[in-house]
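Data block below; observations after.
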Amino acid sequence: MDRHRSLRMTLLLAAGAAGCSSAKSRDIAVVTLAEPQATADDAGAADDPAAPAPRPQRSAGWMQEADGTVHRASTVRCDATIAQRACAGTERSFQCRTDADCTQGPRGKCVSSFGQIGPYCGCEYACETDAECGPSEVCVCKGTGALREEHSVCAKALCAVDADCPGSTCGLSAYFNGCWEQVTLACRTKDDACQSDADCASDANPGVACVVPDIEGESARWECAGISCAIGRPLVVEGAPRAAPRAPRDDWRAPAAPTELDVASLPPEVRERAAAHYAAVAALEHASIASFARFSLQLLALGAPAALVGEAHRAALDELEHARLAYDIASRLAGRAIGPGPLLEAATAPVGAGVAEVVEALVEEGCVGETLGAAEGRELSRIAADPALAAALERIAADEERHAALSWRALSWMLAAFGEPARAAAERAFSRAAARFAVDPAPGLLAHEALGLLPAHALGALRREVLAEVVAPCRAALPGLSRDNAPAAPSSSPRGAST
């Protein structure tokens, strides 16, 4: 059964072609790229094997308990070196040219990085002491706990040292959600959902950790969380997707659905993890509003037809409703109001209206990202057990399919209008997308098909299937694009999917 035929035909028509068959039988190479690995700082005192827990971390002032939790006993001076190489000038986009352009934080350095938008020049900031950080921030030394950053960073802090937490400790949370790392210091309390990573990890979800996913007002709660960054059109700034923090508000919730979401029968732990997942999805849908606003400005700058500009604005309104639906689901699961805080990057994100830059972002975020998002939404709505949840996911999937069609129409227009520069940019972006989805995603925070949460291996298989059966033939239908580096069809279907 060709279950992606309808989506494929919709996008082929949008791209200006029809009648192309599935790419399932085509032998196409897949390019794989090694994931960059964070390097640890080897400086500091060696551990004394005879010393009892808690024992000091590599940097004085940081303590690590026997269960792996890290807390800050006292302030400490950090190594402020940024080892990343300086920009070569050959990167695809530039947020800075020299270190002098990096003025938004301490010890700024303009470095060469690689993100969802490809190679770019961006600012990195390091710190030596708390005094160099902003209000309610402290300096976290590189190599501390689970910190992925390769240099010291300023982190949000509801406490600075253990003495700020009577009867408890000031814990370090380094939460990587699959797109970016959020570093936080917060007191550990008896109300936390977990005390250490051991309370969270399981064979089904080995990537889940005990962290602070969000700060709500002046409080924070330690919860089990994992990879939650969703497919779609993110708001990418300096190579990384951005999203608003969580806030306790209910004005971003959709009106009550005709069928109420049934959560009473779910175990509390499942409800909390599912709520955290849908809150993260909601934040990314919320950020997509800004992403489409930027895309509409880019279309205007490139002289696009009125129809494309109008569709971009309508898509932004769709994303607003998606965010409201997802925040409502998260709030119902959590039993408390969850909404977005300020999305400061929306006001400072560069438009970036160069042809190559717009085309590459369009391919990765729209032609690939939203095509995958539409297919994932259809599959999740099919397996979701609750009728209200299934209806919400089906609505989101239908809108994402229209957004994907907009992306393919816009790409077709750009290839015709700008020729070789647009073609070369599209080839690069399709190649990167093939590499990105050649492997399964990291395990998410919860695998629960009835709640619309596929396990990582099933999600990876579904994505590769859609790349082979939908994205590849649509790409092949566009004049001038090669078939190299498109994904091959997977050998098996995802668990829970019909064949």
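In this structure, does Leu147 turn out to be of a type in the set (A, V, I, L, M, F, W, C) and buried (at least 20 other Cβ atoms within 10 Å of the Cβ)? Spelling it out, Leu147 is indeed of a type in the set (A, V, I, L, M, F, W, C) and buried (at least 20 other Cβ atoms within 10 Å of the Cβ). Within region 155-199, which residues are in a loop (DSSP other than H, G, I, E, B), more than 21 Å from Arg246 (Cα to Cα) and without any contact (Cβ under 8 Å) to a residue 60 or more places away in the chain? Once the filter is applied, which keeps residues that are in a loop (DSSP other than H, G, I, E, B), more than 21 Å from Arg246 (Cα to Cα) and without any contact (Cβ under 8 Å) to a residue 60 or more places away in the chain, region 155-199 yields Cys165, Pro166, Gly167, Ser168, Lys190. Being of a type in the set (Lys, Arg), in contact with a strand residue (DSSP E or B) (Cβ under 9 Å, 6 or more places away or on another chain) and under 27 Å from Phe94 (Cβ atoms), is that true of even one residue in region 269-277? Checked against the condition, which is being of a type in the set (Lys, Arg), in contact with a strand residue (DSSP E or B) (Cβ under 9 Å, 6 or more places away or on another chain) and under 27 Å from Phe94 (Cβ atoms), region 269-277 yields no hits at all. Checking each residue in region 62-85 for being over 30 Å from Gln195 (Cα atoms), among the small types (Gly, Ala, Ser) and modelled with pLDDT of 90 or more picks out only Ala80. Residues of region 340-374 being touching a Phe, Trp or Tyr at 6+ places or on another chain (Cβ under 9 Å) and within 15 Å of Glu319 (Cβ to Cβ), which ones? Matches in region 340-374: Pro340, Glu365, Gly366. Quick check, is Glu420 surrounded by fewer than 18 Cβ atoms within 10 Å (Cβ to Cβ) and among the acidic types (Asp, Glu)? In short, yes. Residues that are buried (at least 17 other Cβ atoms within 10 Å of the Cβ) and free of Cβ contacts under 8 Å to residues at least 60 places away in the same chain are absent from region 348-359. Could you tell me whether any residue of region 95-108 is at pLDDT below 80, more than 30 Å from Ser168 (Cα to Cα) and touching a strand residue (DSSP E or B) at 6+ places or on another chain (Cβ under 8 Å)? Scanning region 95-108, I find at least one residue that is at pLDDT below 80, more than 30 Å from Ser168 (Cα to Cα) and touching a strand residue (DSSP E or B) at 6+ places or on another chain (Cβ under 8 Å), so the answer is yes.
For Gly377, the requirement of being over 22 Å from Leu297 (Cα atoms) and surrounded by 24 or more Cβ atoms within 10 Å (Cβ to Cβ) is met. Given the criterion free of Cβ contacts under 8 Å to residues at least 60 places away in the same chain, small (Gly, Ala, Ser) and under 30 Å from Val355 (Cβ atoms), identify the matching residue among Gly122, Gly89. None of the others qualify; the one that does is Gly89.
Scanning region 295-351 for residues that are in contact with an Asp or Glu (Cβ under 7 Å, 6 or more places away or on another chain) and among the acidic types (Asp, Glu) yields Asp318, Glu319. Taken over region 356-400, residues that are over 18 Å from Tyr278 (Cα atoms) and hydroxyl-bearing (Ser, Thr, Tyr) amount to 1. The set of residues in region 457-480 that are on the phi < 0 side of the Ramachandran plot and not in a helix (DSSP H, G or I) comprises Leu478, Pro479. Among the conditions (1) surrounded by fewer than 23 Cβ atoms within 10 Å (Cβ to Cβ); (2) among the small types (Gly, Ala, Ser); (3) in a helix (DSSP H, G or I), Gly366 misses just one, which is (1). Taking the condition surrounded by fewer than 19 Cβ atoms within 10 Å (Cβ to Cβ) and either in contact with a Ser or Thr (Cβ under 8 Å, 6 or more places away or on another chain) or hydroxyl-bearing (Ser, Thr, Tyr) (or both), does Thr371 pass? Taking the combined requirement at face value, the residue does not satisfy it.
On inspection, Ala312 qualifies as touching a residue at least 60 places away in the same chain (Cβ under 8 Å), in a helix (DSSP H, G or I), hydrophobic (A, V, I, L, M, F, W, C) and within 23 Å of Val237 (Cα to Cα).
The values are calculated or read from the model by the stated rules, or taken from the named source; none is laboratory data. This structure is a prediction, so every number in the text was calculated from the model and none was measured. When we count neighbours, we look across all protein chains shown, and the Cβ atoms used for this are built from the backbone with ideal geometry, even at glycine.
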